[in-house]
Amino acid sequence: MIKNKMQKGFTLIELLMVIAIIGILATIILISLNSSREKAMVAKYTTYATQMHRLVATAVAAGYLDAGVIENQSLTGNYCLGAYNDTCWDAAAENNSVIDGALQKLTDFPQITKEDAFSPYNTKYGVMMSIPSGNTYANITMYLLAGDVPYLTKICKSINWKVCGNTSCCVTVPLNSRLRSN
């Protein structure tokens, strides 16, 4: 009677199967990691936008940025929020020292890095404030991305803003009529 030798090691097919399974698992992990990284960038940007909204509302309530100041300074138009000492990302908008100064007077004004102020999907866009003539309100707009309306709607809804133009989230800040001189 001949004894079968005990097989030592793995066959080529077994090794190939293990390598294929490891490759599939690595692909799944990388895809979920990229998705998590994107979500983190969007969360950071939306936090920045809501912080700018809160700061504008606080500056209005404190009288630093109310309808009287806006009228005295002729501040109707579009302004970048957070592009301090840098070029505004929108050719139709500009930086404004009165608005920047009003926000920086607040004690909880954040230290802003350039990465915080720009959209994670397109660094040519960011958070803007527009003041129409009449000086009764200011719109704050956070450009996010174009083309993915359900995702945009989800983001806007999570911060209690509305979808504007299928590319942005926006919120309105009413301006009061008090005038503060300092």
With labels modelled as points extended 7 Å from the Cα through the Cβ direction, what inter-label distance (nm, one decimal) is found for Ile13 paired with Ser36? 3.7 nm
Would you pull out the residues with amide H under 5 Å of Tyr137's amide H, same chain only if 5 or more places away, H placed 1.01 Å from N? Leu175
Show me 51-60, 149-158 ranked by packing, highest mean number of other Cβ atoms within 10 Å first. 51-60, 149-158
For Cys164, which sequence-distant residues (separation of 5 or more, or a different chain) have an amide H within less than 5 Å of its own amide H, given hydrogens modelled in the peptide plane? Cys169, Cys170
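No value in this document is a laboratory result; all are computed from the given coordinates. None of these values were measured; they are calculated from a predicted model. Glycine also receives a Cβ, built like all others from the backbone with ideal geometry; neighbour counts cover every protein chain displayed.
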